[in-house]
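Asker: Take a look at this one; I'll ask things after.
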Amino acid sequence: MKNRDKKKYIHKGFRETSINTVMGEIRYKREIYEITEGNIKKTVYLLDEQLQTQEDGKVSSNLVEKVIEMVPITDSYRRTEKAIDETTNTTLIHEKIRQVVLNVGDKITSKDGIYQKD
């Protein structure tokens, strides 16, 4: 990030975001950069690229593992939500838990190539 091309990546300020972990929510600020490719302007977050965070979630890998362990045991996203609330210092709504499960499932099927959609 300190070695960025200052002519290509134009600093546009900071934006606050958070990541959910087993220990609770961690809030941090990240720098916004604007780049122009052709006639298209895009906003990028170099910190996200460096940390390899997925945009669809901001959930730590430890919490993802916990969710994947809990869903089959509790048999419901809402029961998993309640169990996560009771056993960790963070809160995930049932729809977020569902998205985590779907994302993990997509990663598994794309790696294995077994259940490809036609």
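The values are calculated or read from the model by the stated rules, or taken from the named source; none is laboratory data. For clarity, every value in this text was computed on a predicted model and none was experimentally measured. All Cβ positions, glycine included, derive from the backbone under ideal geometry; neighbour counts span all protein chains shown.
Asker: Before we move on, is Glu25 in contact (Cβ under 8 Å) with a residue 40 or more places away in the chain, surrounded by 10 or more Cβ atoms within 10 Å (Cβ to Cβ) and in contact with a strand residue (DSSP E or B) (Cβ under 7 Å, 6 or more places away or on another chain)? Step through it out loud before you land on a result.
Answerer: On the way: in contact (Cβ under 8 Å) with a residue 40 or more places away in the chain: yes; surrounded by 10 or more Cβ atoms within 10 Å (Cβ to Cβ): yes; in contact with a strand residue (DSSP E or B) (Cβ under 7 Å, 6 or more places away or on another chain): yes.
Yes, satisfied.
Asker: What tally of residues in segment 1-22 results from selecting those that are in contact with a helix residue (DSSP H, G or I) (Cβ under 6 Å, 6 or more places away or on another chain), within 21 Å of Lys66 (Cβ to Cβ) and free of Cβ contacts under 8 Å to residues at least 60 places away in the same chain?
Answerer: 0
Asker: Please determine, by comparing only the residues of segment 42-75 that are free of Cβ contacts under 8 Å to residues at least 12 places away in the same chain and part of a loop (DSSP other than H, G, I, E, B), which one is farthest from Arg4 (Cα to Cα). Quick ask: steps written out before the conclusion?
Answerer: So the first thing to find is which residues in segment 42-75 are free of Cβ contacts under 8 Å to residues at least 12 places away in the same chain, and the list is 42, 49, 51-52, 55, 61, 65, 69, 72-75.
Pick out the ones that are also part of a loop (DSSP other than H, G, I, E, B) and you get 52, 55, 75.
Values: Gln52: 17, Glu55: 22, Asp75: 47 Å.
Result: Asp75.
Asker: Go through Val100, Val64 for me and flag whichever is β-branched (Val, Ile, Thr) and touching a Gly at 6+ places or on another chain (Cβ under 7 Å).
Answerer: On the way: Val64 fails: touching a Gly at 6+ places or on another chain (Cβ under 7 Å).
Going through Val100, Val64 in turn, the sole match is Val100.
Asker: Something else: Going through segment 93-118 one residue at a time, which ones are of a type in the set (A, V, I, L, M) and either at pLDDT below 90 or assigned by TED's automatic domain parsing to the domain that holds Met23 (or both)?
Answerer: Of everything in segment 93-118, those that are of a type in the set (A, V, I, L, M) and either at pLDDT below 90 or assigned by TED's automatic domain parsing to the domain that holds Met23 (or both) turn out to be Val104, Ile108, Ile114.
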